[in-house]
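Colleague: Could you have a look at this structure, given as structure tokens, before my questions?
The values are calculated or read from the model by the stated rules, or taken from the named source; none is laboratory data. Worth saying up front: this structure is predicted, and the values here are computed from it rather than measured. Using ideal geometry, Cβ is built from the backbone for each residue, glycine included, and neighbour counts are taken over all protein chains shown.
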Amino acid sequence: MARSVVIFRVDGKWRTVSGELFGVALELLRANPYGFLTTVDDGQPHTRLVQHVGVDDDGTVWIGTSPTSRKAAQISRHRVVSYAVEDRAAFAYACLNATAELVEDETERAARWQNGLEAFFPDGPAGDDFVLIRLRPHRVELMDFSREIHPDPYGLVPATEQESSWSSPGR
């Protein structure tokens, strides 16, 4: 029997109606470092594939970028974003609606730096060509057919979370 899942935040901690399933969303994020970041500019969504460089226990996601990138400019004008990852083999996804901010702190950039990023940011974590985007989620949508995490019938309506309340679209 499938479990209906609603993830929500209570006193700064993630909870679910059917148990502690926020961990599943964290597992999906950590196991799938590439996802789609959607920003908004002039009322239009702009989606691109990115690699995240970290996922904190509270669901905060970190992405490296250039301070002169379109995504950085768009986030500076409109901080609400979406970020989605997929695990195709599990027929699963997690989608975060989040507040984004640019982080220029050199200590944080060094802590989040990963080997291979120098191909995109040759000056390294201390260079002027690298900043971080911090995504702080306020809503999580999750389905994972391999774990039977989806509302009946068969996941046609995704499980959702909202920070101050929760909902399941279409109900």
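Colleague: Please find, within segment 1-55, the residue that is modelled with the highest pLDDT out of those that are of a type in the set (Asp, Glu) and either in contact with a strand residue (DSSP E or B) (Cβ under 7 Å, 6 or more places away or on another chain) or within 23 Å of His78 (Cα to Cα) (or both). Give the derivation first.
Modeller: Within segment 1-55, the first condition is being of a type in the set (Asp, Glu), and the residues that meet it are 11, 20, 27, 41-42.
Of the ones still in play, those that are also either in contact with a strand residue (DSSP E or B) (Cβ under 7 Å, 6 or more places away or on another chain) or within 23 Å of His78 (Cα to Cα) (or both) are 41-42.
Values: Asp41: 95, Asp42: 92.
Ranking the candidates gives Asp41 first.
Colleague: OK, next. Exactly one of these conditions fails for Gly43: (1) in contact with a Pro (Cβ under 6 Å, 6 or more places away or on another chain); (2) without any contact (Cβ under 8 Å) to a residue 12 or more places away in the chain. Give me its number.
Modeller: Going through (1) in contact with a Pro (Cβ under 6 Å, 6 or more places away or on another chain); (2) without any contact (Cβ under 8 Å) to a residue 12 or more places away in the chain one by one, Gly43 breaks only (1).
Colleague: Only residues that are over 15 Å from Trp62 (Cβ atoms), assigned to a helix (DSSP H, G or I) and not basic (Lys, Arg): list them for segment 80-130, please.
Modeller: Once the filter is applied, which keeps residues that are over 15 Å from Trp62 (Cβ atoms), assigned to a helix (DSSP H, G or I) and not basic (Lys, Arg), segment 80-130 yields Ala89, Ala90, Glu118, Ala119.
Residues are listed down the side, and each one gets a yes or a no for (1) surrounded by 13 or more Cβ atoms within 10 Å (Cβ to Cβ); (2) acidic (Asp, Glu); (3) more than 16 Å from Val131 (Cα to Cα):
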site: Ala31; (1), (2), (3): no, no, yes
site: Val40; (1), (2), (3): yes, no, yes
site: Val50; (1), (2), (3): yes, no, no
site: Trp62; (1), (2), (3): yes, no, no
site: Ser69; (1), (2), (3): yes, no, no
site: Tyr83; (1), (2), (3): yes, no, yes
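Colleague: Here's another thing I want to ask about it. Which numbered condition trips up Phe91, out of (1) at positive phi; (2) buried (at least 16 other Cβ atoms within 10 Å of the Cβ)?
Modeller: (2)
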